[in-house]
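Structure first, then comments.
The values are calculated or read from the model by the stated rules, or taken from the named source; none is laboratory data. Treat the numbers as computed from the prediction; the structure is a model and nothing was measured. Counting neighbours? That spans all protein chains shown, and the Cβs are built from the backbone with ideal geometry, glycine included. Each accessible area value is taken on the protein alone, full model and side chains, heavy atoms only, with ligands, DNA and RNA left out. Shrake-Rupley method; radii C 1.70, N 1.55, O 1.52, S 1.80 Å.
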Amino acid sequence: MLTYLRKRIISSALPLVVVVVGVFALARMTGNPAALYLPLSATPEMRADFITRNGLDQPLLVQMGNYFGGVLHLDFGTSLRTGEAAGAMALRAFPATLQLAGVTMALAIVLAVLVGSWAALKPNGVIDRIASFFSMAAASIPDFWLAIVGILVFAITLGWVPTSGVETSAAWILPIATLLMRPFGALVQVVRGAMVSALSEPYIRLARSKGAGQRRVITHHALRNAAAPALTVAGDLTVGLVNGAVVVETIFGWPGIGKLMIDSILQRDFAVLQACVLLTAIAIFTLNIVIDLLYAALDPRVRPAASGRRRARRTDTPPTTPAPSVAPTAMAGAARS
């Protein structure tokens, strides 16, 4: 398992570098930040001094080398807008995104397991058809459209919830409901399909023949075997939540890393943008590795082949015990003949 973990970490390093290099280059294509941070009356000397002080007059490769050298020492640069350390700003905003994504994913998993299991009890029945229709609709609705409609109906027209902020528990309702729809719809389909397959297996019929009730059959037998595919999809959807939270956080004014990233793009705050992207990429790669390890723990068939080779070597080892000797009577008979 440790060998597998080491290989996954090494394989994730190259995409991480590619993402950081791409963002570094694309951010500087948005224009010169001096036009935003200096007044219109700024003289050419003032503009040249601003560019020189922030290292923007150097070639792009030199700037990139300086940036990676700073990252190796955990120095992500300084914000042009506030003068604060970019890494500290990203770390301060990231917990809000994790809270939003974590609560949303937890609710999506619980609701999807309940609805998907209920629909799988009678395939093609009324409950199954209704659950399939609404889950497919939920998975197809764009997040930004649902957020705008939610603000218009529940915040502006009805006045039940605030339009933005995190000060009250009511402010969590619209962001969570917006992000909840897509993972809930996808997970219902996965749980329903996995449960239908599991409930048709022979071991389920054996458990029922031994007198196991419906509740025990579902919770102790079927759900355990349906958890592996649902876990994989849930992990991918969690990664999508971290990425999709950028739009939702901007619409609802959620103080997470997504909103900070958008603000940094608009304000050409290169250091903060790069710190946000790097932190998000590290979190996504770490989450993918954790999902792979959990999947391997749930399903032994997908565990690394190294352990299987070790078992095979132990199995193929010739026996060390001596072969049984020929019985004395048999030897005597052979001598007489």
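A few remarks follow.
- Filter result (surrounded by 12 or more Cβ atoms within 10 Å (Cβ to Cβ) and either farther than 17 Å from Y67 by Cα or without any contact (Cβ under 8 Å) to a residue 24 or more places away in the chain (or both)) within region 36-56: L36, Y37, L38, A42, M46, R47, A48, D49, F50, I51, G55
- Qualifying residue in region 206-216 (condition: touching a His at 6+ places or on another chain (Cβ under 8 Å) and touching a residue at least 12 places away in the same chain (Cβ under 8 Å)): yes
- Just one residue in the set L107, L111, L74 is open to solvent by 10 Å² or more (accessible area, probe 1.4 Å) and farther than 26 Å from R192 by Cα; that residue is L74.
- Residues of region 240-258 that turn out to be out of contact with any Gly (no Cβ under 7 Å at 6 or more places or on another chain) and either open to solvent by less than 30 Å² (accessible area, probe 1.4 Å) or assigned to a helix (DSSP H, G or I) (or both), as a count: 13
- Test: residue in region 218-231 that is open to solvent by less than 40 Å² (accessible area, probe 1.4 Å) and farther than 22 Å from L287 by Cα: yes
- Region 37-48, residues that are of a type in the set (A, V, I, L, M, F, W, C) and in a helix (DSSP H, G or I): M46, A48
- Flag for A198 being over 17 Å from the mean Cα position of the chain (by Cα) and at pLDDT 75 or above: yes
- Which listed residue is assigned to a helix (DSSP H, G or I), at pLDDT 75 or above, crowded, with 21+ Cβ neighbours inside 10 Å and not acidic (D, E), from L279, L237: L237
- Cβ pairs under 6 Å, 6+ apart, first in region 145-160 and open to solvent by less than 90 Å² (accessible area, probe 1.4 Å), second in a helix (DSSP H, G or I) and of a type outside the set (S, T, N, Q): A147/V248; A147/I251; G150/L174
- Residue among G150, G159 that is assigned to a helix (DSSP H, G or I) and farther than 18 Å from L237 by Cα: G150
- Residue check for G165: outside any helix (DSSP H, G or I) and open to solvent by 50 Å² or more (accessible area, probe 1.4 Å): no
- Selection status of L98, at pLDDT 90 or above and open to solvent by 50 Å² or more (accessible area, probe 1.4 Å): no
- Within region 49-104, tally of residues that are in a loop (DSSP other than H, G, I, E, B) and β-branched (V, I, T): 1
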